[in-house]
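Derivation of every value follows stated rules applied to the coordinates shown; laboratory data play no part. Not measured: the values here are computed from a predicted model. All Cβ positions, glycine included, derive from the backbone under ideal geometry; neighbour counts span all protein chains shown.
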Amino acid sequence: DLPARPRAAAAARALTAGALRDWRVADPDDADDIVLIVDELVTNAVLHGAAPIRLRLHLHGRRLTGEVTDGRAAAPPPAPADVPLWHEAGRGLLLVAALATEYGTRTNAGGPHTSEDEHAGGKTVWFSRLLNPGEGHLPATRT
């Protein structure tokens, strides 16, 4: 669980980097890209979503899956077509699309918290990344 504040992105980056080290994801391209994807999705959840915000990472073989859940059901806004190249905002999901193997959004069930994994009326933006072949990727023993 992350605070719905700007510092959430820094916390998510640190948690993600730690998990990748624990899972022996050694390829710097994989690690850097995954940390950047998580940063973008958590930042979007803080700016466009609502509390509570939750980050979950799973590693199954070479496939890493991440989920950022927040309390607002509205899908993330699409990138505007007229954003100048030098502009800092507006292209986060384009970056996620370029770095992830797959990504998408799902609306979670409404009503009271229906499970530990879903926030009432919120959404989850997920991504997966097929890691480069390497030694020692460990399956997740905890999330």
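Listing for the model above:
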read-out	value
Percent of C-alpha pairs per 10 Å bin, segment 18-82, short to long	18, 45, 28, 9, 0
Restricting segment 1-82 to trypsin sites (Lys or Arg not before Pro) in coil, as DSSP defines it, with at most 13 other Cβ within 10 Å	Arg24
